[in-house]
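Comments concern the structure below.
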Amino acid sequence: MISGSLGRTESRSAYEDVACLSTRLSGGSLRAVMDDWGTGTWIAMSVMMAVMLAVILGVAWLFVRPFFRWAETKQTGDPALDELRRRYASGEIDADEFEERRRRLES
């Protein structure tokens, strides 16, 4: 409760009390309090938030990336057979050659 200039009592929130005190201390303008921080501070805070967001996303990507690789590649454990499948998928060899080489590798 703050008593006003006419002797009546006004009810204010804590935020209004702080804003009022800041305004009085700065010489009458709430904008003057905000201007004391300067433009450089806002730019620095924005840059730091962007850097923190990039770090968080980078760490998340490092944890998620192996799961995507596992889902993309179906490996048999035999590098020769995997290479044969890759060449067939890219169109370097036709179906007959693929089947012939696969039979030779699996026997």
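Want the number for residue 48 to residue 97: 0.36 nm per residue separation, take away the alpha-carbon distance, what's left?
Taking residue 48 through residue 97 to full extension adds about 11.9 nm, to one decimal.
Between residue 90 and residue 67, what length in nm is gained on full extension when 0.36 nm per residue of separation is reduced by their alpha carbon distance?
5.9 nm
How many nm separate the modelled label positions at residue 16 and residue 105, each set 7 Å beyond the Cα in the direction of the Cβ?
7.8
Whole-Hz ³J(HN,Hα) for each residue in the range 60-67, computed from phi via Karplus 6.51 cos²θ - 1.76 cosθ + 1.60 with θ = phi - 60°, x for glycine and proline: what do you get?
Result, rounded to whole Hz: 4, 5, 4, 7, 8, 3, x, 5.
Each value in this text was obtained by applying a stated rule to the coordinates, not by laboratory testing. Nothing here was measured: the structure is a model prediction, and the numbers come from that model. Positions of Cβ are generated from backbone atoms using ideal geometry, with glycine treated the same way; all protein chains shown enter the neighbour counts.
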